[in-house]
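Peer 1: One structure is given below, represented as structure tokens, and several questions about it will come after.
Derivation of every value follows stated rules applied to the coordinates shown; laboratory data play no part. Computed from a predicted structure; not experimentally measured. Ideal geometry is used to build each Cβ from the backbone, glycine not excepted, and the neighbour counts take in all protein chains shown.
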Amino acid sequence: MVNFKIADESLASKGDEALYIAENKMPVTAGIIRKRFEEEKPLKGIKIAGCLHVTKETANLALTLQAGGAEVYLCGSNPLSTQDDVAAALIKKGINVFAWHGNTDEEFYWCIRECLKENPNILIDDGADMIVTAHKDFPELIENGTIIACQEETTTGVKRFQAMEKQGKLKVPLFPVNDARCKNQFDNELGTGQGVVAAIYGMHVLFAGKNVIVAGFGHCSSGMALRARGLGANVIVTEVDPIKALQAKFAGYQVMPIADALPIADIILTATGCKHVIAPTKEMFDKLKDGVILGNLGHFDIEIPTKELYEYAKEITPIRSDVEELLMPNGKKVYLLAKGRLANLVLSEGHPAEVMDMSFGLQSLMSEYIVKNKESFKPGMINIPVKIDDQVGFLKLQSMGVKIDTLTEEQYNYIHGFEEGT
Ligand code: RBV
């Protein structure tokens, strides 16, 4: 029996169309790996709970895990990113889903708890909320060994787990899938990078000639800066890390403190993982240019100080789906995308299937790896095996019909030796 709470079951056929589009663009996850999983059933008898954006790409991950024999439970990793048609299609295919677009914070955690109540063996998180909830509310699942190991999809989640581990509070083996090369060099750079189009979906704005501020210059934000420049914007980068600031400068961007950038910014896009990228003060808010568009592409809604902006605004008017106009006390208008939540997921449909194919290929193979090696893990962060990272890379190349060279024995010995010099 499928267990679920979703918005509208009648959206299933629309969801099927979305799933089909993604499936065709995910030859690794929905093709090669799914086919092998169907034959070998490496996840037989295993329950997997995913706290992930409920998108057509995540749906294909869920179906691959199911093909491998797992019983799959899914809840959303953000209150606004669930695609209700996808959720409807999934329950018809036997995936247990607790997610709907626009759930409250309380409902969000209720959905997580519904998944945890099912005694899952593997948790796949995106942002750490599910695994942190397991530690707080379901410690017995950790203590009695029901949870074998966990996987984390995003940078913000990995940072939270690093903090937990430092404080001795991380009680499960944790694989930071985000940190694998096949994840962060593609999903983060290309996926979040292309997410700048959320500002176009939201306001149908022209980037050419605009001053676009990109906060941060990590994997995600450097991708965003590149794509915004490609659209013809004058990109200004803000940073706190001297090396990343230098990288931005040498890549040809202007670099300056955010306080200096605010008065000239037409669009401000954040993906730093840090809170209050714009300090929540009257002085900073008054600096914002009339008509500025504010969009966050980072995991949580604290990068743009949404709560404080709402409190400071004289009027808040929803002007279209997921876009609000804030009238500031000085008469200027500010346009906020997606209530400060990930605009790339809320206004657009999330990262394209082609890159999610690699992230979710890793999640699939890591689930298999966890089951195969379940006796050998200790609590704490454990790197993704290079072999699995490489395997996803090879599978992706194979699916694209791209061949590469292999080291000869002589080359291998040279590269791993020190004897040969001048
Ligand atoms: N993300 N998922 C999607 N289409 O399902 N798009 C983005 C999708 C993930 C991405 O891996 C990123 O690390 C995370 O969302 C941020 O919450």
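Peer 1: Roughly how many Å is it from the Cα centre of the range 340-385 to that of the range 1-72, as a whole number?
Peer 2: Computed from Cα coordinates, the inter-centre distance equals 14 Å.
Peer 1: Suppose every Lys and Arg Cβ carries +1 and every Asp and Glu Cβ carries -1, with no other charges. What dipole size does the range 193-346 come out with about its Cα centre, to the nearest 20 debye?
Peer 2: Magnitude of the dipole: close to 260 debye.
Peer 1: Helix-only estimate, please: 222 nm mean residue ellipticity of the chain, summing -39500 (n - 2.57) across DSSP H runs of length 4 or more and dividing by its residues, to the nearest 500.
Peer 2: -11500 deg cm²/dmol
Peer 1: Please figure out what share of the DSSP beta bridges in the chain is antiparallel and state it in percent, rounded to the nearest 5.
Peer 2: 20
Peer 1: To continue, here is another question. Sort by residue number and report every cysteine in the chain with no other cysteine beta carbon within a distance under 4.7 Å.
Peer 2: Among the cysteines of the chain, those whose Cβ sits 4.7 Å or more from every other are C51, C115, C150, C182, C220, C274.
Peer 1: Would you mind listing how long the chain runs along its three principal axes, going by Cα atoms, in whole Å with the largest first?
Peer 2: So the extents along the principal axes, rounded to whole Å, are 68, 63, 44.
Peer 1: Which value, in Å³ per residue, describes the convex hull spanned by the Cα atoms of the range 55-98?
Peer 2: 59
Peer 1: Starting from the amide H of H53, placed 1.01 Å from N in the peptide plane, find each other amide H under 5 Å away whose residue is 5 or more places distant or on another chain.
Peer 2: When sequence neighbours closer than 5 places are left aside, the close amide H contacts are S77.
Peer 1: Going by alpha carbons, how many degrees (0 to 90, nearest 10) lie between the helix axis of 105-116 and the longest principal axis of the chain?
Peer 2: The answer is roughly 10 degrees.
Peer 1: Please list the non-local residues whose amide H lies under 5 Å from the amide H of K5, H modeled 1.01 Å from N, same-chain partners needing a gap of 5 or more.
Peer 2: When sequence neighbours closer than 5 places are left aside, the close amide H contacts are V97, F98, A99.
Peer 1: Which residue, A259, T317, F207, has the largest displacement toward the positive end of the dipole of the range 193-346 when charges sit on each Cβ (Lys, Arg +1; Asp, Glu -1)?
Peer 2: F207
Peer 1: What dipole magnitude, in Debye to the nearest 20, does the chain give about its Cα centre under +1 on Lys/Arg Cβ and -1 on Asp/Glu Cβ?
Peer 2: 280
Peer 1: Identify all lysines with a Cα-Cα distance to K41 below 17 Å; exclude those on the same chain that are fewer than 8 residues away in sequence.
Peer 2: K372, K374
Peer 1: What is the antiparallel percent of DSSP beta bridges lying wholly in the range 193-346, to the nearest 5?
Peer 2: About 35 percent, rounded to the nearest 5.
Peer 1: What length, rounded to one decimal in nm, is gained on full extension from L246 through to K307, with 0.36 nm per residue of separation minus their alpha-carbon distance?
Peer 2: Additional length available on full extension: 18.7 nm.
Peer 1: What list of ³J(HN,Hα) couplings, whole Hz, do you get for the range 176-185 from phi and the Karplus terms 6.51, -1.76, 1.60, once you set θ to phi - 60° and write x for glycine and proline?
Peer 2: x, 4, 3, 7, 5, 4, 5, 9, 6, 7
Peer 1: Regarding the range 193-346, what is the average projected area of its C-alpha convex hull, in nm²?
Peer 2: That works out to 7.7 nm², a quarter of the Cα hull's surface.
Peer 1: Moving to a separate point now. Based on the Cβ-Cβ distance of K44 and K289, what FRET efficiency does E = 1/(1 + (r/R0)^6) give at R0 = 41 Å, to the nearest 0.05?
Peer 2: The pair K44/K289 has a calculated efficiency of 0.10.
Peer 1: A further question follows. How would you order 234-241, 131-138, 381-388 from highest to lowest mean count of nearby Cβ atoms within 10 Å?
Peer 2: The densest-packed peptide leads the list: 234-241, 131-138, 381-388.
Peer 1: Taking the simple approach of a point 7 Å from Cα along Cα-to-Cβ for both T317 and F394, what is their distance in nm?
Peer 2: Here the answer is 6.0 nm between the modelled labels.
Peer 1: Now for a separate question. Quick one: compute the contact order of the range 192-267, relative version, from alpha carbon pairs under 8 angstrom and 6+ residues apart, as a percent.
Peer 2: Across the range 192-267, relative contact order equals 33 percent.
Peer 1: To make sure I understand the rule: partners must be lysines, Cα under 19 Å from the Cα of K244, and not fewer than 8 residues away in the same chain. Which ones qualify?
Peer 2: Leaving aside lysines fewer than 8 places away in the same chain, those within reach of K244 are K159, K275.
Peer 1: Of V72, A248, L52, which is farthest along the charge dipole of the chain in the positive direction, counting Lys and Arg as +1 and Asp and Glu as -1 at C-beta?
Peer 2: Of the options given, the answer is A248.
Peer 1: So which aspartates and glutamates can K14 reach, going by Cα to Cα under 13 Å and dropping same-chain residues fewer than 8 places off?
Peer 2: Leaving aside aspartates and glutamates fewer than 8 places away in the same chain, those within reach of K14 are D84, D85.
Peer 1: Whole-Hz Karplus ³J(HN,Hα) for the range 123-138, in order, using 6.51 cos²θ - 1.76 cosθ + 1.60 and θ = phi - 60°, x for Gly and Pro?
Peer 2: Here the 3J(HN,Hα) series is 10, 10, 10, 9, x, 5, 5, 5, 5, 5, 5, 4, 4, 7, 9, 10 Hz.
Peer 1: Also: List the residues whose amide H sits under 5 Å from the amide H of F175, counting only those 5 or more places along or on another chain, with H placed 1.01 Å from N in the peptide plane.
Peer 2: So F175 has HN proximity to C150, Q151, E152, I382.
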